[in-house]
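Working notes, structure below.
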Amino acid sequence: MKTVLLDIDDTILDFTQSAKSAILKTAKDFKIVFTDDMIEYYFQLNIMLWEDYENCEITKADIFDVRFPKVFD
């Protein structure tokens, strides 16, 4: 066997927990309040935005431009 392919997205690595930890650490470092409701909304919004990107409805830059501003709105 020459090649082994692994699907690590939330199988081997917990990307959701990693993202949550990174967001909360960054918020703490910058003294920003980031509530559990905001975290939940962030993940719901993130999924919707990536689906829109996969459907060619928005660009990747759009995701980065609107994701956090919408959470804080």
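The values are calculated or read from the model by the stated rules, or taken from the named source; none is laboratory data. Owing to the predicted nature of the structure, the values given are computational and were not obtained by experimental measurement. When we count neighbours, we look across all protein chains shown, and the Cβ atoms used for this are built from the backbone with ideal geometry, even at glycine. Ligands, DNA and RNA are excluded from the accessible area calculation, which covers all protein heavy atoms including side chains. Shrake-Rupley method; radii C 1.70, N 1.55, O 1.52, S 1.80 Å.
Counting only lysines at least 8 places from Lys28 when in the same chain, those with an alpha carbon closer than 17 Å to its own are Lys20. Solvent exposure of the stretch 3-43, expressed per residue, is 83 Å² of accessible area, with all protein chains present and a 1.4 angstrom probe. Note on Lys25: lysines with a C-alpha under 21 Å away, same-chain residues under 8 apart excluded, are Lys70.
On the basis of the beta-carbon distance and an R0 of 30 Å, Asp73 and Lys25 show a calculated FRET efficiency of 0.85. Highest GNM mean-square fluctuation among Asp36, Asp14, Asp62, for the chain modelled with Cα contacts below 10 Å: Asp14.
As an exercise, use a Förster radius of 35 Å and the Cβ-Cβ distance of Tyr41 and Asp7 to find the FRET efficiency, rounded to the nearest 0.05. Computed FRET efficiency for Tyr41 and Asp7: 0.80.
Between the entries (1) 18, 52, 27, 3, 0; (2) 17, 40, 31, 10, 3, 0; (3) 15, 25, 22, 15, 15, 9, the label attached to P(r) over Cα pairs in 10 Å bins from 0, in percent calculated for this structure is (2). Of the GluC sites (Glu not before Pro) in the chain, the ones in a loop by DSSP (not H, G, I, E or B) with at most 11 other beta carbons within 10 Å are Glu57. Of the accessible area of the chain, computed with a 1.4 Å probe over protein heavy atoms only, carbon and sulfur atoms account for 57 percent. For Tyr53, the accessible area of its heavy atoms, probed at 1.4 Å with every protein chain present, is near 80 square angstrom.
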